[in-house]
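See structure below.
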Amino acid sequence: MPRRIVALSRRTRAWPLWARYLATAAIVLAAIGFRWILLGPGEGYPYVVLFPAVIAAGLVFDRGSSVVAVLLGALLGVLLFVAPAGALRIPHATDAVALLLFLGAGLAVAVVIEDMHKAVVELVEANERLAAAEAAQDVLRQEAAHRRQNDLQRLIATLRLQSQTSRDERVRDALDEAIGRMRALARVDMRFERHRGEDATVDTRDLLAGLAEDLRQAGGAELRPIAFSVSAEPHEVPREQAIPLGLVATELISNTLKYAFPEDRAGTVSVGFRREGEEFVLSVADDGVGFDTAAAPKGTGLGRKLVRALVAQLHGRAEVLSGEARGGTLCTVRFPVRLPEDAAAARPLPASEPPAAGQAQAVPFPP
């Protein structure tokens, strides 16, 4: 409503002075006519309907128009509705007091309306400047995200070229591993740009389902007998949690596709996310060949270090379920629903219960 009034007054305040005063007179005459219809031509209540006319003149035009409405309304009120009617005389003290009160209140209303109008105009203009700034910031953010994606793709292309020209197999493997993580980072960054909202939160179901689909396509899982299952509860998490969460999920799923199904083995990758009390639980499970947590890593071991570092950002804990009783691998990450203000405020998550005989054993994520 204030925006509409400001938009109207911007047009009407640009009218010539004579047009504004003529329109003000029309408003006052309409109020007098309404008084005449409402109470008849008799004496009494000469100013009862003039205050709305004063307010309307101030809102639509300016303070000068309100003053004109006050003076013209007082003149017509005395002339038409104060005895003796038709004469500009006020023989009774009560009528004089009523006139003075109307003049004082009307002029005060004119001043207040003008001040309120200025405040509303300033507020509307400030909101318009803020909206324009936010639009410009959004354009800059999109441009920055586009350039960031281009820079990542150029870096990936450079590393790929270096990998293809290298004769050292260990160097090629390291560069290929770096390329995979750069691609994962690019996917996560793009996914966050798609899910950026006004409240700067990300829906966990959309995030994990999208990342799993991206990794399935990027890892060639559609050409291999590997099925994906994503069961994630929808929770709005802030960007400070969503970034490490997405990167942890990306790393765990990538490692599963890389090591769990050798020689085109068939299998299933299950991604889960749920809330348990005051904790979130991310799980990535497979029915592949499994691995020995005590054995040396098959690659450089950087993936494990990344997972541990990202879980530390979440103030959580990662565990691996291993053992012949289960088969495959289950990686679980638990972290608080609300991040503490600092690392010292984070309470360690409770240790796992010791497994019963013959059951798979959950161990901390290996270093």
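So here's what we get for this one:
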{"item": "Helices (runs of 4 or more DSSP H) contained entirely in region 1-78, each with at least 1 residues that are at pLDDT 85 or above", "result": "17-39, 50-60"}
{"item": "Qualifying positions in region 111-170 - among the small types (Gly, Ala, Ser), in contact (Cβ under 8 Å) with a residue 24 or more places away in the chain and in the same structural domain as Ala69 (by TED's automatic domain parsing)", "result": "none"}
{"item": "Looking only at region 289-314, and only at residues there that are buried (at least 20 other Cβ atoms within 10 Å of the Cβ) and at pLDDT 85 or above, the one that is farthest from the chain's Cα centre (by Cα)", "result": "Val307"}
{"item": "Any hit, region 92-104, residues being part of a loop (DSSP other than H, G, I, E, B), surrounded by 14 or more Cβ atoms within 10 Å (Cβ to Cβ) and assigned by TED's automatic domain parsing to the domain that holds Ile37", "result": "no"}
{"item": "Tabulated pairs, region 301-321, first at positive phi, second part of a helix (DSSP H, G or I) and at pLDDT below 85, C-beta under 8 angstrom, 6+ apart or interchain", "result": "His315/Ala343"}
{"item": "Top-ranked residue in region 124-178 [being within 18 Å of Met190 (Cα to Cα) and of a type in the set (Asp, Glu); ranked as nearest to the chain's Cα centre (by Cα)]", "result": "Asp138"}
{"item": "Members of region 263-288 that are under 27 Å from the mean Cα position of the chain (by Cα) and crowded, with 21+ Cβ neighbours inside 10 Å", "result": "Val271, Phe273, Phe280, Leu282"}
{"item": "In region 186-217, residue modelled with the highest pLDDT [restricted to those that are over 20 Å from Val139 (Cα atoms) and surrounded by fewer than 17 Cβ atoms within 10 Å (Cβ to Cβ)]", "result": "Arg205"}
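The values are calculated or read from the model by the stated rules, or taken from the named source; none is laboratory data. On a predicted model such as this, the values are computed, not experimentally measured, just so you know. Cβ: placed from backbone, ideal geometry, glycine included. Neighbour counts: every protein chain shown.
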